[in-house]
Ligand SMILES: NC(=O)c1ccc[n+]([C@@H]2O[C@H](COP(=O)([O-])OP(=O)(O)OC[C@H]3O[C@@H](n4cnc5c(N)ncnc54)[C@H](O)[C@@H]3O)[C@@H](O)[C@H]2O)c1
């Protein structure tokens with residue numbers, strides 16, 4: 001579908017499940033060579049085994065909250081495949097609970113992975129991408145959340161870290177456009193991945209009853225986020241930079257008024 005993605009080299013964090021896995025499958029189908037990171041190496045390996053072309057992917061087990069991880073991922077890409085063109089900051093840490101009861105350690109642990117880990121990724125990606133030169137040196141996609149732009153009970157630390165990711169995206173975009181590097185952020189709505197299905201299953205009536213209340217009447221599929229990522233890293237999006245893209249079936253378009 002995107003002929004310019006053939007042979008491009010992509011790093012995906014949190015590639016062992018959900019959106020990260022769907023993105024790996026799609027980018028690989030489009031001809032990308034991959035570095036698949038996950039905290040759980042066995043899950044990254046399972047994703048690799050599902051690829052159309054598993055030989056064009058390597059895995060990396062590590063915590064993106066550790067500054068060494070991003071450097072290792074960038075080196076793995078350039079040493080294995082000769083360059084780095086795409087970076088998807090997908091892994092995050094969420095924690096549920098009211099701000100009044102959020103400990104310093106909990107706050108820090110969410111920020112360390114969700115925002116600081118993404119910063120480490122952006123920094124390592126930029127260093128490698130600037131070496132490519134040319135009008136399409138690289139594309140970074142950060143995965144934030146609808147919770148970045150609106151308050152959500154119980155998601156204070158996560159939402160604040162995701163809001164930070166929006167600004168990290170915009171500054172990265174304006175500082176690097178002249179190097180041929182674009183950076184955009186996706187704000188997913190509720191997507192049918194293991195943590196979301198687990199949370200929705202605990203609501204009264206289970207997943208289907210929960211999903212029927214949201215605007216599209218269903219959860220999104222991981223592929224629907226992967227499609228947006230694929231578009232944003234392709235040349236079809238060559239003039240899209242520093243943008244926020246909601247992929248939420250219309251959830252964020254609704255007012256908060258009580259319904260009649
Ligand atoms: N599913 C949703 O409804 C939804 C909505 C909005 C935003 N998001 C965002 O989408 C992204 C992916 O979420 P998902 O729903 O696919 O989750 P998921 O749990 O299915 O996948 C996340 C993967 O990241 C890995 N991971 C977690 N912490 C890590 C770390 N410190 N270092 C490396 N890997 C780590 C996990 O092991 C897991 O394999 C996250 O940024 C999440 O905040 C998801």
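Among 76, 25, 50, the largest mean-square fluctuation in a Gaussian network model of the chain, built with springs joining Cα atoms closer than 10 Å, belongs to 50. Stretching the chain fully between residue 244 and residue 133 yields a gain of 37.4 nm (0.36 nm per residue, less the alpha carbon separation).
For the Cα atoms of the chain, what angle does the longest principal axis make with the long axis of helix 222-233, in degrees from 0 to 90, nearest 10? The angle comes out at about 40 degrees.
Across the chain, the relative contact order, built from alpha-carbon pairs under 8 Å that are at least six residues apart, equals 19 percent. For the chain, set up a Gaussian network in which alpha carbons nearer than 10 Å are linked by springs, and say which option among 147, 100, 177 fluctuates the most. Taking springs between Cα atoms under 10 Å, the residue moving most is 100. For residue 257 and residue 213, FRET efficiency with R0 = 25 Å and r from the beta-carbon atoms, rounded to 0.05? Between residue 213 and residue 257 the formula returns 0.95. A straight line joining the Cα centroids of the range 170-233 and the range 1-73 runs 18 Å. Would you work out if the range 103-241 is rounded, prolate or oblate? Take a ≥ b ≥ c from the square roots of the eigenvalues of the alpha-carbon gyration tensor; rounded if a/c is under 1.5, else prolate when a/b is larger than b/c, oblate otherwise. The shape class here is oblate. Every helix of 4 or more DSSP H residues in the chain counts as -39500 (n - 2.57), and over all residues that averages to -12500 deg cm²/dmol at 222 nm.
Against the main long axis of the alpha-carbon atoms of the chain, helix 67-81 sits at an angle near 50°.
Against the main long axis of the alpha-carbon atoms of the chain, helix 156-176 sits at an angle near 30°.
When the Gaussian network model of the chain links Cα atoms closer than 10 Å, the mean-square fluctuations of 165, 26, 232 top out at 26.
Since every read-out is calculated from the coordinates, none of them should be taken as a lab result. Predicted, not measured: the structure shown is a model, and the values here were computed from it. Quick reminder, even Gly has a Cβ in these numbers, built from the backbone with ideal geometry, and neighbours come from all protein chains shown.
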